[in-house]
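Working notes for the structure below.
The values are calculated or read from the model by the stated rules, or taken from the named source; none is laboratory data. The structure presented is a predicted model; accordingly, all values stated were derived computationally and were not measured. Every residue, glycine among them, receives a Cβ derived from its backbone with ideal geometry; neighbour counts consider all protein chains shown.
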Amino acid sequence: MKKMSRAELDTAESKDSALGKGPKRPRDAATLLLLDRTSPDEISVLMGRRHMSHAFMPGKFVFPGGRTDPTDSRVKTSDELHPLVEHRLCTNRTSKARARAIALSAIRETYEECGALIGRRADYQSGISGWQGFCNHGVAPTLSQLRLVARAITPPGRVRRYDTRFFAVWREDAVALTLPDGGPTNELEEQVWMPLDEARTLDIPRITSWILGDLIERLKDDPQLSPDSNIPFYQMRYNQFLRTMV
């Protein structure tokens, strides 16, 4: 990604994001790149196409994800984040509880949007809203397989602003159950498994293309996605949208 001024980025993203007065402080959010390596020749990623009726990024292909709910931090799990992943999340005064909530929101949103339950088969109970699907299907959420692969803060001047952490997980290691009809929210009208290179040719937001490119490069040197690798961080600083490794 080349360095871009705020004006250049506003122009480039005018079709993807609603420009206008938005919150000064971005909200926590999380996204999950669900990866499949069962093919000996390529790695695929799950993408979903948003309904054209949506106000935010209509018709775009996206990774499952969404805003973090503070109650996510209280959800019971069968294991915890890898200590190195937790350490990377706990930056800029982010508490362990907040880091846990961010990671769990990626798992919750993946179930709600795609019907993929990250976890282990178990007699699972939770009284927290948004997690009843895991109870109903007998899956206890797991965190240990999540790997942090990127972070991006929506620039100022957008109606919606998020501080998004991008996680990746291997499908065969982490998915306990996939519902045949997708997730309960029906936010995505189509789901496709795409090889990473081909996924970049879809109608996707600019940041999604950058994250896919970063992941492709990382997998060349780190095919197992080790928990201690540095990650790209996209943010606006000094009126420039920058990519730095942290």
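Assorted remarks:
- Some residue of segment 158-177 being surrounded by 20 or more Cβ atoms within 10 Å (Cβ to Cβ), hydroxyl-bearing (Ser, Thr, Tyr) and in contact with an Asp or Glu (Cβ under 9 Å, 6 or more places away or on another chain): yes
- Screening Ser73 with (1) small (Gly, Ala, Ser); (2) within 20 Å of Asp181 (Cα to Cα); (3) touching a Lys or Arg at 6+ places or on another chain (Cβ under 7 Å); (4) without any contact (Cβ under 8 Å) to a residue 60 or more places away in the chain gives one miss only, at (2).
- Per-region count, segment 39-53, residues farther than 16 Å from Gly182 by Cβ and at pLDDT 95 or above: 4
- If you go through segment 209-224 and keep only what is among the hydrophobic types (A, V, I, L, M, F, W, C), out of contact with any Phe, Trp or Tyr (no Cβ under 8 Å at 6 or more places or on another chain) and either crowded, with 18+ Cβ neighbours inside 10 Å or at pLDDT below 95 (or both), you end up with Leu212, Leu215.
- Qualifying residue in segment 182-195 (condition: without any contact (Cβ under 8 Å) to a residue 60 or more places away in the chain and under 25 Å from Glu42 (Cβ atoms)): no
- Those residues of segment 175-191 which are under 16 Å from the mean Cα position of the chain (by Cα) and β-branched (Val, Ile, Thr), in sequence order: Val175
- Segment 65-90, subset more than 19 Å from Ala168 (Cα to Cα) and of a type in the set (Val, Ile, Thr), residue modelled with the highest pLDDT: Val75
- Restricting segment 206-246 to residues that are more than 18 Å from the chain's Cα centre (by Cα) and among the aromatic types (Phe, Trp, Tyr) leaves a set whose member that is farthest from Arg158 (Cα to Cα) is Tyr238.
- Any hit, segment 145-153, residues being among the basic types (Lys, Arg), at pLDDT 95 or above and under 19 Å from the mean Cα position of the chain (by Cα): yes
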